[in-house]
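Working notes, beginning with the structure itself.
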Amino acid sequence: MKKLVVEGLKYRYPGAQELALKDISFEVETGEFIGIIGRNLSGKSTLCQALVGLVPHFYHGAYGGKVIVDGLEVKNHTISEISRKVGIVFQNPFTQVTGSKLSVLEEVAFGLENMGVPRREMLERIDDALQLMGLEESKDRNPFDLSGGQMQRMAIAGIIAMKPQMIVLDEPTSQLDPQGSEEVFQAVQSLSREGMTVILTEHKPEKIARFADKVLLLDDGRVVDFDTPAQVFSREDLAEYGVEAPIYTKVCRQLNLRRVDSGLFPITLEEAREVLEKWR
Ligand SMILES: Nc1ncnc2c1ncn2[C@@H]1O[C@H](COP(=O)(O)OP(=O)(O)O)[C@@H](O)[C@H]1O
Ligand SMILES: [Mg+2]
């Protein structure tokens, strides 16, 4: 089933000369994990904001085309209505913490309290969300004592406690160390395995190669490609879009070592090891 349909989406910020999004179309099935890549200012964050209705409802500006999340056309609904279907997580976990809550549990409860969920159901949902994010042991800790990776997982727990069907994450690991990044990717993968649709922007190609089902390559507000990570990262013209292939792909391309099954270059460590062992 189509969870997200984007059709001819165009958008210009108020006062801007150029369109930030120029005729964007793509469709996402329920439960897919989509990685969005592209150079700085290619439109990744603007697209994320359009998926959750901040574009146009918060930013205003000139808007054309359609974004339909789970049958709901974003343009025609309020941000609060849309937030029941789709949640968003931003780059910096610190800016997402309310700053006024004394425990992880209270922090995760914050969004639910605003939704008017009954207390018992609220506690159940919080427990489930904390468990899924591997934070059940930390529920009484002060949010500011958490590591960056834990803090970002707490932000995700706050979103998934609201039970959205889709989650959008805009560079959720750009402020985190390697361990924190890995924790967040594992946590997001567990959501995707539970059937949640995931849209995530990221600069680290190795992570996208490992975790995403499909990759959307953006450049100058347009979709250049929307395909499997193996297809997108095998493009010879990737560098023209300011994007790097995973290091494994680069090495194997240099050695001209392709996968036997697909004829494409490996994109993960495991795939590279397989072709390198045969070659040796
Ligand atoms: N709040 C804003 N107001 C005006 N222009 C913006 C705003 N945010 C982004 N832009 C412009 O929109 C375009 C896309 O930016 P953005 O979506 O932030 O790209 P990315 O996330 O890929 O770096 C750029 O030209 C940028 O300057
Ligand atoms: Mg951005």
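The values are calculated or read from the model by the stated rules, or taken from the named source; none is laboratory data. Just so you know, these numbers come straight off a predicted model, no measurement behind them. All Cβ positions, even for glycine, are placed from backbone atoms using ideal geometry, and neighbour counts span all protein chains on display.
For the reader, a short list of remarks on this structure follows.
- Checked against (1) within 13 Å of ligand 1 (Cβ to nearest atom); (2) closer than 30 Å to residue 177 by Cβ, residue 11 meets all criteria but (2).
- Any chance residue 153 is surrounded by fewer than 19 Cβ atoms within 10 Å (Cβ to Cβ), without any contact (Cβ under 8 Å) to a residue 40 or more places away in the chain, basic (Lys, Arg) and more than 16 Å from ligand 2 (Cβ to nearest atom): no
- Identity of the residue in the stretch 48-62, within 14 Å of residue 79 (Cβ to Cβ) and in contact with a Phe, Trp or Tyr (Cβ under 8 Å, 6 or more places away or on another chain), that ends up surrounded by the fewest Cβ atoms within 10 Å (Cβ to Cβ): 59
- Answer from 43, 64, 35 - the residue that is within 12 Å of ligand 1 (Cβ to nearest atom) and out of contact with any Cys (no Cβ under 8 Å at 6 or more places or on another chain): 43
- Among the residues of the stretch 1-16, those that are in a loop (DSSP other than H, G, I, E, B), more than 16 Å from ligand 2 (Cβ to nearest atom) and in contact (Cβ under 8 Å) with a residue 24 or more places away in the chain comprise 1, 14.
- Those residues of the stretch 6-41 which are more than 24 Å from residue 233 (Cα to Cα) and not small (Gly, Ala, Ser), in sequence order: 7, 9, 10, 11, 12, 13, 14, 17, 18, 19
- Taken across the stretch 141-148, residues that are among the hydroxyl-bearing types (Ser, Thr, Tyr), in contact with a Gly (Cβ under 8 Å, 6 or more places away or on another chain) and either at pLDDT 90 or above or surrounded by 14 or more Cβ atoms within 10 Å (Cβ to Cβ) (or both) do occur, with at least one present.
- Residues that are part of a helix (DSSP H, G or I) and more than 14 Å from residue 183 (Cβ to Cβ) within the stretch 138-159 comprise 143, 144, 145, 158, 159, listed in sequence order.
- Listed here are the helices (runs of 4 or more DSSP H) enclosed by the stretch 17-93 that have at least 1 residues being farther than 21 Å from residue 192 by Cβ, away from ligand 2 (no atom under 16 Å from the Cβ) and not hydrophobic (A, V, I, L, M, F, W, C): 54-57, 79-82.
- Test: residue in the stretch 109-124 that is over 13 Å from residue 162 (Cβ atoms), crowded, with 17+ Cβ neighbours inside 10 Å, over 17 Å from the mean Cα position of the chain (by Cα) and not acidic (Asp, Glu): no
- Here residue 169 meets each of (1) within 16 Å of ligand 2 (Cβ to nearest atom); (2) in a helix (DSSP H, G or I) with one exception, condition (2).
- Hits in the stretch 143-183 (condition: within 16 Å of ligand 1 (Cβ to nearest atom) and on the phi > 0 side of the Ramachandran plot): 171
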